[in-house]
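Take a look at the structure set out below.
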Amino acid sequence: MDSLLDTFRAQISPAFVAQHATRLSEREGGISKALAGMAPALLAGILNRADDPAFMAQLHRSITGANGGQSAPTLPGVVFGAKLPAVVHALAAYSGTRTTTVNALLDSVGPMMAGLLKSRMSQENPDARGITKILRDESNSILGTLPTGLASILDLTVVATPETPAPQPHYSDWLLPLLLLLALGGGLLFYLKA
């Protein structure tokens, strides 16, 4: 199954980027970069607060629409709260776009991301714990693509789990056998000449 980020990227077509660039009077490259930063920012914000039951319950209600008839707050508003303006400024600086552009894009991306989370939850685990499990499983890719500076704005306490690198051969693993082989070859040559 594709990661949330891969699924999100697949939904962002060149036509989607071009349409928003035209509508917002921005370069397509800036729109693409802003979108590329928004998805990991939203997911990292959720991941960072995954141990807060009240937040996760509010997020679950927002994603599933179970708000008791009240209008659901937007996903970026739920995730970032009072930090939303700082996140918007950081994403604008990262992408080279205006803050009004980032706000407009968040209005489009928020429902898309909520739909992705809802869809994934329905496949795996339909409660708030399902979101937590999904995001923890994908934390390395989420945090690895988070734009610089957003980790400090979001006060991230989660960190990517480093991938265990393949063991590198040490020079001692091959040097000693090589030296022994050379000494044996040298001794054989010396013996044969004599």
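The values are calculated or read from the model by the stated rules, or taken from the named source; none is laboratory data. The structure displayed is predicted, hence computed values, not measured ones. Cβ coordinates were reconstructed from backbone atoms using ideal geometry, including for glycine residues, and neighbour counts include every protein chain displayed. With ligands, DNA and RNA removed, areas are computed over all heavy atoms of the protein, side chains included. Shrake-Rupley method; radii C 1.70, N 1.55, O 1.52, S 1.80 Å.
Quick notes on this structure:
- Matching option when the condition is of a type in the set (A, V, I, L, M), in a helix (DSSP H, G or I) and free of Cβ contacts under 8 Å to residues at least 60 places away in the same chain, among A39, A15, A34, A44: A15
- Residue match in segment 131-150 (condition: more than 17 Å from the chain's Cα centre (by Cα), open to solvent by 20 Å² or more (accessible area, probe 1.4 Å) and under 23 Å from A54 (Cβ atoms)): no
- Test result for T22, among the polar types (S, T, N, Q) and either more than 21 Å from the chain's Cα centre (by Cα) or modelled with pLDDT of 85 or more (or both): yes
- Residue within segment 89-111 that is more than 16 Å from I153 (Cβ to Cβ), crowded, with 20+ Cβ neighbours inside 10 Å and in contact with a Ser or Thr (Cβ under 6 Å, 6 or more places away or on another chain) present: yes
- Qualifying residues in segment 51-62 (those that are open to solvent by 40 Å² or more (accessible area, probe 1.4 Å) and either among the basic types (K, R) or at pLDDT 85 or above (or both)) - the one nearest to E138 (Cα to Cα): D51
This table checks each residue for (1) under 30 Å from F16 (Cβ atoms); (2) at pLDDT below 80; (3) not charged (D, E, K, R); (4) not in a loop (DSSP other than H, G, I, E, B).
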{"residue": "M113", "(1), (2), (3), (4)": "yes, no, yes, yes"}
{"residue": "G130", "(1), (2), (3), (4)": "yes, yes, yes, yes"}
{"residue": "A151", "(1), (2), (3), (4)": "yes, no, yes, yes"}
{"residue": "E163", "(1), (2), (3), (4)": "no, yes, no, no"}
{"residue": "Q168", "(1), (2), (3), (4)": "no, yes, yes, no"}
{"residue": "P177", "(1), (2), (3), (4)": "no, yes, yes, yes"}
{"residue": "L189", "(1), (2), (3), (4)": "no, no, yes, yes"}
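- Positions within segment 1-36 being acidic (D, E) and crowded, with 18+ Cβ neighbours inside 10 Å, in sequence order: E26
- Every condition in (1) in a helix (DSSP H, G or I); (2) in contact with a helix residue (DSSP H, G or I) (Cβ under 8 Å, 6 or more places away or on another chain); (3) modelled with pLDDT under 80 holds for Q123 except the one numbered (2).
- Checked against the criterion of being at pLDDT 85 or above and open to solvent by less than 40 Å² (accessible area, probe 1.4 Å), the candidates N67, N48 yield just one match: N48.
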